[in-house]
1. Would you please name the residue that is modelled with the lowest pLDDT, looking only at residues in the stretch A:151-190 that are away from RNA strand B (no atom under 16 Å from the Cβ) and open to solvent by 60 Å² or more (accessible area, probe 1.4 Å)?
2. Tell me which strands (runs of 3 or more DSSP E) are completely within the stretch A:353-395 and hold 3 or more residues being within 36 Å of the chain's Cα centre (by Cα) and at negative phi, or say none if there are none.
3. So which of A:Ala77, A:Ala117 ends up being open to solvent by 60 Å² or more (accessible area, probe 1.4 Å), farther than 25 Å from A:Met245 by Cα and not assigned by TED's automatic domain parsing to the domain that holds A:Val292?
4. Within the bounds of the stretch A:95-110, is there any residue that is loosely packed, with under 12 Cβ neighbours inside 10 Å and more than 30 Å from A:Glu293 (Cα to Cα)?
5. Taking the condition more than 24 Å from A:Asn315 (Cβ to Cβ), in contact with a Ser or Thr (Cβ under 7 Å, 6 or more places away or on another chain) and in a loop (DSSP other than H, G, I, E, B), does A:Ser335 pass?
6. Taking the stated definitions as given, is A:Gly341 out of contact with any Leu (no Cβ under 8 Å at 6 or more places or on another chain), within 29 Å of A:Lys248 (Cβ to Cβ) and either assigned to a strand (DSSP E or B) or open to solvent by 30 Å² or more (accessible area, probe 1.4 Å) (or both)?
7. When the residues of the stretch A:305-331 are narrowed to those that are surrounded by fewer than 16 Cβ atoms within 10 Å (Cβ to Cβ) and near RNA strand B (Cβ under 10 Å from one of its atoms), which ends up farthest from A:Gln365 (Cα to Cα)?
8. Which of the following residues is more than 8 Å from RNA strand B (Cβ to nearest atom), modelled with pLDDT under 95 and touching a Leu at 6+ places or on another chain (Cβ under 6 Å): A:Ser376, A:Ser366, A:Ser362?
Amino acid sequence: MQLQNLVQRFTSDIVGEEHFEKMLVKSAADKNPLRIKFGIDPTFTDVHLGHAVPIRLLRAFQDHGHLPVLIIGDGTARLGDPTGRNEQRPPLTVDDVARNSATYLEQIGTILDLDPAKCEVRHNSEWFGDMDFFDALKLASQSTAARLLERDDFKKRMQQNQAVHLHEMMYPLMQGYDSVMVEADVELGGNDQLFNLHMGRQMQERAGQRPQICMTTPLLLGTDGRKMSKTYGNHVGLNAGANDMYGKIMSLSDDGMPLWFQLATTLTEDEMSTCLAGHPRQAKDLLARNIVEQIHGADAAASAAEAFVQQFAKNELPDDIDECVLAQSSVKLASLLKDAGLVTSTSEARRMLKGGAVKVNSEAQSDPNLLVELSSSGVVLLQIGKRRLVNVRCS
RNA sequence: GGGGAGAUACCGAAGUGGCCAAACGGGGCGGAUUGUAAAUCCGCUGGCUCUGCCUACAGAGGUUCAAGUCCUCUUCUCCCCA
């Protein structure tokens with residue numbers, strides 16, 4: 001597929017579009033690949049399918065001979081982009097960030113080719129790490145309060161009489177500075193990044209560089225229709241197993257499907273519209289399969305689809321159930337549910353029991369004091385709802 | 001620097017001395033229904049050795065038989081003035 005077509009499919013906004021064509025032509029003539037920047041802050045342990053949208057576009061650029069410049073924001077993560085959340089997160093420690101950075105690369109590697117010859121990976125602590133206070137002031141002098149307060153998130157919070165801290169306003173400047181440091185030609189980001197991307201342009205211009213083209217991708221919504229975010233629990237992680245990933249996508253709301261087809265699948269426009277015209281259940285199955293295939297391969301996708309039908313449509317037990325080994329042989333049901341890790345407290349176990357959610361060996365139980373005998377040879381199957389299952393035996 | 005308002009559970013938000021483990025709404029979780037979609041109905045939503053006990057209404061003290069509610073100090077936020 002043509003790069004321009006892909007760009008069209010995956011972007012909602014392009015700043016500096018009029019120069020993009022020329023840049024492509026010049027890059028081809030000079031045999032000088034464009035530097036395509038994409039930055040991601042390792043604030044959590046998983047990268048999700050929402051992040052995958054710009055990453056897939058990045059991959060498209062890579063496939064067309066351009067150079068992805070992947071920035072792991074181990075410096076910016078310490079601050080945290082205040083986007084979309086009207087409260088501050090607890091600051092991450094250096095260790096958190098280091099741990100997350102490693103898993104991020106692994107997950108991004110499922111989409112992008114991280115071969116050093118084909119991709120430049122940078123950590124922005126490289127330049128933020130040894131800045132002193134006066135360097136930071138210099139950075140701050142690059143913009144103005146009025147300009148920063150134009151940012152949607154800040155504006156809203158100001159209007160709602162909520163706090164906007166000074167350090168939060170440094171975030172866009174940091175991201176912009178990244179662009180200067182890597183001399184980006186194009187920067188990709190989610191729709192909510194538009195302001196930050198603009199900042200890069202502005203700062204590059206001040207630094208005497210050619211301002212980057214800013215491309216934003218539409219935001220992939222979470223399975224519940226809200227913005228995909230780990231904090232909402234509506235995300236699908238790239239590190240999710242095939243079955244889990246398939247199941248999560250099946251729980252997507254019907255309304256969300258067109259956007260998901262557009263942003264997360266490899267299907268053509270025609271294939272998509274054929275799919276969407278059919279039964280929604282069918283369409284969702286294809287959607288889920290396609291996505292799982294991209295990450296886990298065709299075989300895994302097929303068996304995930306099968307396992308799903310077995311467990312949820314036919315209401316049968318799944319083939320692979322986690323096993324848990326406990327020391328005691330005779331335990332009260334409420335404690336057992338907790339010890340087996342199905343609930344976090346015995347109080348929760350009691351509530352579940354009262355609500356009729358619990359089955360022991362496929363038989364409904366409601367007595368928290370029921371004494372369950374475990375043996376080392378056979379297993380006892382504990383079940384809360386359709387999703388939480390575990391086989392228990394004693395050591 | 002001066003004046004005023006405020007901080008309640010995952011979120012929003014009631015509560016102005018006992019009937020408060022805290023109304024109500026959202027979210028989440030379970031049950032029914034189903035296409036693990038949507039919609040709808042029902043239940044749950046601090047912990048424990050669970051008909052009882054313990055810890056909680058920003059933090060620390062205090063008044064009281066009794067405090068989310070009153071007093072003092074502290075921390076944080078917002079608004080107005082300079």
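The values are calculated or read from the model by the stated rules, or taken from the named source; none is laboratory data. Since the model is a prediction, treat every value here as computed from it, not as a measurement. Using ideal geometry, Cβ is built from the backbone for each residue, glycine included, and neighbour counts are taken over all protein chains shown. These accessible areas exclude ligands, DNA and RNA; they are computed on the full protein's heavy atoms, side chains included. Shrake-Rupley method; radii C 1.70, N 1.55, O 1.52, S 1.80 Å.
1. Across the stretch A:151-190, the extreme among qualifying residues is A:Asp152.
2. Passing ranges, in order: A:358-360, A:380-384, A:388-394.
3. Step by step, each of A:Ala77, A:Ala117 is checked, and only A:Ala117 is open to solvent by 60 Å² or more (accessible area, probe 1.4 Å), farther than 25 Å from A:Met245 by Cα and not assigned by TED's automatic domain parsing to the domain that holds A:Val292.
4. yes
5. So A:Ser335 does not fit the description; no.
6. yes
7. A:Val309
8. None of the others qualify; the one that does is A:Ser366.
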